[in-house]
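As structure tokens, the structure follows; a few thoughts come after it.
What follows draws every value from the coordinates through simple rules; no lab data is involved. Only a predicted model underlies this, so the values are computations on that prediction, with no experimental measurement involved. We place every Cβ from the backbone using ideal geometry, glycine too, and count neighbours over all the protein chains shown.
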């Protein structure tokens, strides 16, 4: 009986070892099966991609996209023209005057009267003409001989403080 007990214990130990080896082989087979399934799936995807690449003609796709852009721009301009035409057709005669009055009313409420700011705006036409006239006379003054005071001969024609300022600048340039 002792021999049978020892043999049984060894057999049990061997069966546990065999069971572990069989489970290891089973796990390896499952891993191989998963790897094979992944390879098959990748093969199928590769075939599908190759088929799509054969069907996809890049130059024709570019042409289609260019034509789409052209037609889209044409449609946008047509829509804009039609919108303007509809707006013109639907506009009442007094709408423009009414909208101008509304804008003026809002500006008056804000204290930004458009007419008042235009009236108070400086007009530079006269001064610009004087400056341009003086600029034309300046080369003739440069050619004139300098007086004893080092100035370039003053005056001619009562231009005011703007002329005096320009003359002072010219004199500074001559000295420098």
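For this structure, a couple of remarks:
- One decimal place: the segment residue 103-residue 71 gains 7.6 nm when fully extended, by the rule 0.36 nm per residue minus the C-alpha distance.
- Spin-label pair residue 90/residue 162, simplified geometry with 7 Å Cα→Cβ offset, distance in nm: 5.1 nm
- Spacing of the two label points (7 Å from each Cα toward its C-beta) at residue 58 and residue 80, in nm: 3.4 nm
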